[in-house]
Amino acid sequence: MSKRIKSLLLLLTGGLAVSLWAFKPDPNDNAFEIAKNLDIFATLYKEVNTYYVDEVNPSTLMQTGIDAMLKSLDPYTNYISEDRIEDYRTMTTGEYGGIGVTFRKHHDKVVVTMPYEDAPAIKAGLSVGDEIVAVDEVPLKGKSYTEISKLLKGQVNTNIKLLVKKYGETTTQEIETKRVKVKINNVPYFGMVTSDIGYIQLSDFTSNASQEVKQALSTLKGKGAKSIILDLRGNPGGLLNEAVNICNIFIPKELEVVSTKGKIKEWNRTYRALNQPIDTKIPLAILTNNRSASAAEIVSGVLQDYDRGVLIGQRSFGKGLVQATRPLSYNSQLKVTTAKYYIPSGRCIQALDYSNKDELGNAARIPDSLRRTFRTKLGRKVYDGAGLEPDIILEQDMLAPITKSLIKKGFIFDYANLYASKKPSIADAKTFQLTDAEYQAFVSWLEGKDYDYVTGSEKSLEEIVEVAKEEKYYDAISTEIDHLKKRIYHNKEADLSTFKEEVREALEREIAIRYYYEKGAVEANFDDDQEIREAIELLSDADRYKKVLSNP
């Protein structure tokens, strides 16, 4: 350890000691306890850095300590060090300096998975499936996602040089371009799903989210939309004020949207719709799932509480906590949970009680017996304490093991690249379908490739066998076990036929991305997305829509 660091640690310890001595040791004085424990921590930190047998990194050690301390509170209270500020800024603004591309590590290579439309990546000629070998002469082999991301990002208008191997080629080429301000859209897609039903996918709540939703709604109404599907599935939330403004698009001015209540009473406030709405009458179907959280739940819950739309899908995540950022020294920040939020019916949808943890440190789930009943504007029963329950509940579609394996091992991705390399164009993503012959070509291509997998039934049976052997019952039931094995052990070639439609849909979506990017990814799912199909059926039946909203 350097003398400078030792001096700083001694100074810190001494300073804390002075602060400690200034307090009168009152056991009821929280300030004294804070100073006392800070002194213990600083002393311990100095001793470990000085005497631990191996060299330690002071910053890493401190980061570990802080992270562990904050993790004991809840998952959302985090320390943001100076070198992570840019990543945090990207999360809140949706903006960063880069070339507009997403990537994955595939077969030990860094390959492009999605270039954003109109971004430098596309203009420079990058396509899905291309391998990025090096960035500014720094090889990417062996580097982590974080390291690769930092190399690709940088100051706007700075030059960047990529060494790229185009899909299907054996030689590399250099591509030079400039980083620009990339804005990740909160609404990556909107369009018409029928002649009179519009669809808006809202994937985030960074700055300008409400303006993007307004623009999408106005455009769709101009195209003849008489009702709207608002897709919040997988939306992790974001800025509270954007959630308030999005609610304001659909509900009248001055209505309460959400209130926050925390330990510091002066920070408690009620947020209302402050602007003139765009449309308070257009029928809405809001899609949610178990990854719809925070601000996404505020929008869903407010629209449900005012009977302004019908929720379709699965129960939402259940995050009813509000975070604020506080500045710290050395350009770092603290993101800290400061309050719980309550939607207009009065309910808080927080599902986990972080103040009540078990012996393993896991937060307790609020039991059904303690959940309270509330009422929507029209008198429908709704409940707190466990996320939002949709008005129309659908079981979540689960992929078959073979489909998961083909996706996880990259065979869907690889074949989509091969397919696109041979076909210059396809039909629009909404109507594109692989023929039976094309699907069979995919099946033939898979021959000899390792895409085997273990089903849940196989795994359970193996566990039974192990337990039976341990308890010495196996010999007595071995005949029955062998019979079960023959019945449930899968045949991967047969599964390609059994789950043909599901595998084909996954392949069609991946192929559509090669030609239409994000738009293709969304539109390729329209014909087989159960929540979208249910929303279309509901919005096409005005009487049923009204009945759902008026059902007490």
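The values are calculated or read from the model by the stated rules, or taken from the named source; none is laboratory data. A quick note: this is a predicted structure, and the numbers were derived from the prediction, not measured. Don't worry about glycine lacking a Cβ; one is built from the backbone with ideal geometry, like all the others, and counts go over all protein chains shown.
Quickly run through the range 336-351 and pick out the residues that are out of contact with any Cys (no Cβ under 7 Å at 6 or more places or on another chain) and more than 13 Å from residue 294 (Cβ to Cβ).
Answer for the range 336-351, where residues must be out of contact with any Cys (no Cβ under 7 Å at 6 or more places or on another chain) and more than 13 Å from residue 294 (Cβ to Cβ): 336, 338, 344, 345, 346, 347.
Can you run down the residue pairs with Cβ atoms below 7 Å, 6 or more apart or on separate chains, where the first is in the range 197-222 and within 16 Å of residue 281 (Cα to Cα) and surrounded by 19 or more Cβ atoms within 10 Å (Cβ to Cβ) and the partner is among the polar types (S, T, N, Q) and at pLDDT 95 or above?
Matching pairs, first to second residue: 197/227.
Please count how many residues of the range 345-386 are within 21 Å of residue 260 (Cβ to Cβ), assigned to a loop (DSSP other than H, G, I, E, B), small (Gly, Ala, Ser) and over 22 Å from the mean Cα position of the chain (by Cα).
The number of residues fulfilling the criteria is 2.
Inspect all residues belonging to the range 257-268 and state whether any of them is surrounded by 15 or more Cβ atoms within 10 Å (Cβ to Cβ) and not in a strand (DSSP E or B).
Looking only at the range 257-268, we keep the residues that are surrounded by 15 or more Cβ atoms within 10 Å (Cβ to Cβ), and these are 257-262.
Still in the running and not in a strand (DSSP E or B): none.
Checked against the condition, which is being surrounded by 15 or more Cβ atoms within 10 Å (Cβ to Cβ) and not in a strand (DSSP E or B), the range 257-268 yields no hits at all.
If you go through the range 387-413, how many residues are surrounded by fewer than 19 Cβ atoms within 10 Å (Cβ to Cβ) and either at positive phi or in a loop (DSSP other than H, G, I, E, B) (or both)?
Residues that pass the stated criteria total 10.
Name the residue, out of 119, 124, that is farther than 30 Å from residue 240 by Cα and among the small types (Gly, Ala, Ser). Quick ask: steps written out before the conclusion?
Working: 119 fails: farther than 30 Å from residue 240 by Cα.
Answer to the check: 124.
Which of the residues belonging to the range 63-95 are modelled with pLDDT of 90 or more and either touching a helix residue (DSSP H, G or I) at 6+ places or on another chain (Cβ under 7 Å) or of a type in the set (Lys, Arg) (or both)?
Within the range 63-95, 71, 77, 78, 79, 80 meet the criteria.
Looking only at residues that are hydroxyl-bearing (Ser, Thr, Tyr), in contact (Cβ under 8 Å) with a residue 60 or more places away in the chain and more than 21 Å from residue 244 (Cβ to Cβ) in the range 316-345, which one is surrounded by the fewest Cβ atoms within 10 Å (Cβ to Cβ)? I'd like the intermediate steps shown before the answer.
Our first condition is that a residue be hydroxyl-bearing (Ser, Thr, Tyr); within the range 316-345, this holds for 316, 325, 329-330, 332, 337-338, 341-342, 345.
Okay, now just the ones that are also in contact (Cβ under 8 Å) with a residue 60 or more places away in the chain, so 316, 325, 330, 332, 337-338, 341-342.
Adding the requirement that they be more than 21 Å from residue 244 (Cβ to Cβ) leaves 330, 332.
Details: 330: 6, 332: 15.
Filtering the range 316-345 for residues that are hydroxyl-bearing (Ser, Thr, Tyr), in contact (Cβ under 8 Å) with a residue 60 or more places away in the chain and more than 21 Å from residue 244 (Cβ to Cβ), the one surrounded by the fewest Cβ atoms within 10 Å (Cβ to Cβ) comes out as 330.
Can you confirm whether the range 298-315 contains a residue that is farther than 22 Å from residue 392 by Cβ and crowded, with 24+ Cβ neighbours inside 10 Å? Explain how you work it out, then say what you get.
So the first thing to find is which residues in the range 298-315 are farther than 22 Å from residue 392 by Cβ, and the list is none.
Checking the range 298-315: not a single residue is farther than 22 Å from residue 392 by Cβ and crowded, with 24+ Cβ neighbours inside 10 Å.
Residues in the range 143-161: is at least one in the same structural domain as residue 113 (by TED's automatic domain parsing), among the β-branched types (Val, Ile, Thr), crowded, with 18+ Cβ neighbours inside 10 Å and outside any loop (DSSP other than H, G, I, E, B)?
Yes - at least one qualifying residue is present in the range 143-161.
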